[in-house]
Amino acid sequence: MITIEQLEEMFTNMREHTDWDVDGELLWGYFFTDADPDKLEKAAEALDQMGYDVVEIFQSEDDEDPSITDYVLHVERIEPHTPQTLFDRNKELIDFAMKHDLESFDGVDVGSPFEDEDDSDSEDGDDEDDPSE
């Protein structure tokens, strides 16, 4: 799981390298993985009920072994965060993944909710938030 220190560094980087209002609302993306897309569909329904916007479920290939595939559920929510509240959200979503028997909560990314889709100024968090570690 990403540490509070890593999140503090992430917020510092966002302040230094973007013109976003880091203390305001940003577009937070959250990712879950599993080999079974049906499990992700059920998780997507539950997350939708919790106020998340379901973006997509897509198939992802392993970079080292393309024969290994996984499915990824991407949800988003516009909300403000501090390093502590994002740390708490990550713990909540790891627990959600475990409760729904998903392979993992796979991490978070962030962008400005006011940018165009083509703008690639997003700040990726640690995608290593695997509850099995």
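The values are calculated or read from the model by the stated rules, or taken from the named source; none is laboratory data. Model, not experiment: these values are computed from the prediction. In this analysis, Cβ positions are derived from the backbone assuming ideal geometry, glycine residues included, and neighbour counts consider all displayed protein chains.
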Criterion first (out of contact with any helix residue (DSSP H, G or I) (no Cβ under 9 Å at 6 or more places or on another chain) and at pLDDT below 95) does GLU115 satisfy it?
yes
Identity of the residue in the stretch 32-72, touching a residue at least 40 places away in the same chain (Cβ under 8 Å) and in contact with a helix residue (DSSP H, G or I) (Cβ under 6 Å, 6 or more places away or on another chain), that ends up nearest to GLU103 (Cα to Cα)
ASP34
Among (1) loosely packed, with under 12 Cβ neighbours inside 10 Å; (2) closer than 24 Å to SER112 by Cα; (3) not hydroxyl-bearing (Ser, Thr, Tyr), there is one condition GLU64 misses while meeting the rest; what is its number?
(2)
Pair list, Cβ under 7 Å, 6 or more apart: the stretch 1-24 residue more than 20 Å from ILE78 (Cα to Cα) and touching a residue at least 40 places away in the same chain (Cβ under 8 Å), other residue acidic (Asp, Glu) and surrounded by 12 or more Cβ atoms within 10 Å (Cβ to Cβ)
MET1/ASP129; ILE2/ASP126; ILE2/ASP129; GLN6/ASP126
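Out of the residues in the stretch 18-46 that are part of a loop (DSSP other than H, G, I, E, B) and among the acidic types (Asp, Glu), state the one that is nearest to PHE87 (Cα to Cα).
Of everything passing the filter in the stretch 18-46, ASP23 is nearest to PHE87 (Cα to Cα).
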Provide a single number: the residues in the stretch 54-85 that are of a type outside the set (A, V, I, L, M, F, W, C) and within 17 Å of ASP36 (Cβ to Cβ).
9
Which residues, taken from the stretch 88-117, are aliphatic (A, V, I, L, M) and outside any helix (DSSP H, G or I)?
LEU102, VAL108, VAL110
